[in-house]
1. Could you tell me which residue of the stretch 191-221 is surrounded by the fewest Cβ atoms within 10 Å (Cβ to Cβ), considering only residues that are charged (D, E, K, R) and touching a residue at least 24 places away in the same chain (Cβ under 8 Å)?
2. Name the residue, out of GLY240, GLY267, that is within 17 Å of the chain's Cα centre (by Cα) and over 17 Å from PHE325 (Cα atoms).
3. Out of everything in the stretch 45-61 that is in a helix (DSSP H, G or I) and in contact (Cβ under 8 Å) with a residue 12 or more places away in the chain, what residue ends up being nearest to the chain's Cα centre (by Cα)?
4. All but one of (1) over 27 Å from CYS232 (Cα atoms); (2) of a type in the set (Gly, Ala, Ser); (3) in contact with a Leu (Cβ under 6 Å, 6 or more places away or on another chain) hold for ALA104; state the number of the condition that does not hold.
5. Name the residue, out of ALA233, ALA282, that is outside any strand (DSSP E or B), at pLDDT 90 or above and within 22 Å of GLY141 (Cβ to Cβ).
6. If the Cβ limit is 8 Å and pairs must be 6+ apart or interchain, which residue in the stretch 96-117 that is closer than 22 Å to VAL209 by Cα pairs with which residue that is aromatic (Phe, Trp, Tyr) and not in a loop (DSSP other than H, G, I, E, B)?
7. Might you let me know whether the stretch 182-205 holds any residue that is farther than 25 Å from VAL329 by Cβ and in a loop (DSSP other than H, G, I, E, B)?
8. For ARG304, state whether it is modelled with pLDDT of 90 or more and in contact with a Phe, Trp or Tyr (Cβ under 8 Å, 6 or more places away or on another chain).
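The values are calculated or read from the model by the stated rules, or taken from the named source; none is laboratory data. Everything numeric in this text was worked out from a predicted model, so none of it was measured. All Cβ positions, glycine included, derive from the backbone under ideal geometry; neighbour counts span all protein chains shown.
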Amino acid sequence: MRLSSDCLRIAALLCTLTLVCLGLQLPTPALRSDPGAEAYSVDAGSLPESLRSTLIASAPDAETSAFLAASRSEAASLRGRWALLLKHKAYAVLLRIGWTRVDASAALGRVRMFVASSAQLRPLLERAAPQPPSSLLLDIGSGTGTVTHALASALGLSDGSRVTALESSAPLRRELGRRWGFRAAASLSELDPRERFQAVSLLNVLDRVDDPAGLLRSAASRLDPAGGLVVCAVVLPFRGSVQLPGDRRRPPRRPLQLRRASGHTRGFGRAAAAFVDAALEALRQGGGGAEGGRRDASLLAWTRLPYLSSSDVGRTHYSLDDAVFVLRVGGEAKRNAVGSER
């Protein structure tokens, strides 16, 4: 192992010298400071009661620090910078020949994402009734499965076979099964229509689909008739953008209908209130059964967190303003669950 490591260092050095001789330069990613308190804070005083009473403050933890440290380390080492450059070039080639951004990134292992750790998710889920060990989780848009695993752990699901992970990318589906033991499928249509789950999650997925409200309703229709949890993570302010093959995007065909928050709500809180109102309205419209009409939906808890992406040739990491919401759909709402305010 030591010999292999030394050989890689020598190879990286020789490649760097070759670049210098050719008049080229290996890029050095710009060092970014770690997200500070402002990346986790919300002006609670300006929030409507429905969001103020359900807000849970988050903070960086050991897993967040480890992710950022790994990104810095990769960008600082000669071997790491070479790997970033080669992946960057290969990624551009794959996009030019028609690969999707997701498949190209998955094939190259180009980027790692960090939404939240299990320790950060657990306080949100404590607002809901404890999930029995026999519970089932459906995660839509699982990617590499890292945050899916964190959510399953926060729910107390130690058996990967109790997690169904939906992912359109074939390379990622294989990784989900091999690395985590999840049952992986490409879409909801591949699942048994009679199968029901106690929790459904959509983590930074809704802003990438043509019909976010429709996906929310379809996801909630897979919950247990007695009620269940819908866990959403979204970048705020919410803006939909559908990725196409190559490096192309377009607006969603049926964008989420966001209303302007009333009162004095501002900034991140305003964006959160607008999303919650739209999400709850979509979930309430998905009622079925004998009534054939609306169903109960309420906000249990939410928090603000940075959505982190690992280093590339430009920066040591990237960060977006993200929020995680835990909603309850159907059944009897817990007493501290709050509906939306307009």
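1. Pass one, the stretch 191-221, residues charged (D, E, K, R): 192, 194-196, 207-208, 210-211, 217.
Among the residues that remain, those that are also touching a residue at least 24 places away in the same chain (Cβ under 8 Å) are: 195-196, 207-208, 210-211, 217.
Details: GLU195: 10, ARG196: 16, ASP207: 18, ARG208: 16, ASP210: 14, ASP211: 17, ARG217: 19.
Looking at the filtered set, the residue picked out is GLU195.
2. Numbers: GLY267 fails: within 17 Å of the chain's Cα centre (by Cα).
Checking each option against the conditions leaves just GLY240.
3. Kept after step one, since they are in a helix (DSSP H, G or I), are these residues of the stretch 45-61: 45-46, 49-52.
Pick out the ones that are also in contact (Cβ under 8 Å) with a residue 12 or more places away in the chain and you get 46, 49-51.
Working: SER46: 26, GLU49: 26, SER50: 24, LEU51: 21 Å.
It comes out as LEU51.
4. (1)
5. Numbers: ALA233 fails: outside any strand (DSSP E or B).
Going through ALA233, ALA282 in turn, just one is outside any strand (DSSP E or B), at pLDDT 90 or above and within 22 Å of GLY141 (Cβ to Cβ): ALA282.
6. Note: pairs meeting the criteria are ALA104/TYR91; SER105/TYR91; ARG112/PHE67; MET113/TYR307; PHE114/PHE67; PHE114/TYR307; VAL115/TYR307.
7. Quick first cut of the stretch 182-205, residues farther than 25 Å from VAL329 by Cβ only: none.
Among the residues of the stretch 182-205, not one is farther than 25 Å from VAL329 by Cβ and in a loop (DSSP other than H, G, I, E, B), which makes the answer no.
8. Details: modelled with pLDDT of 90 or more: yes; in contact with a Phe, Trp or Tyr (Cβ under 8 Å, 6 or more places away or on another chain): yes.
For ARG304, the condition - modelled with pLDDT of 90 or more and in contact with a Phe, Trp or Tyr (Cβ under 8 Å, 6 or more places away or on another chain) - is met.
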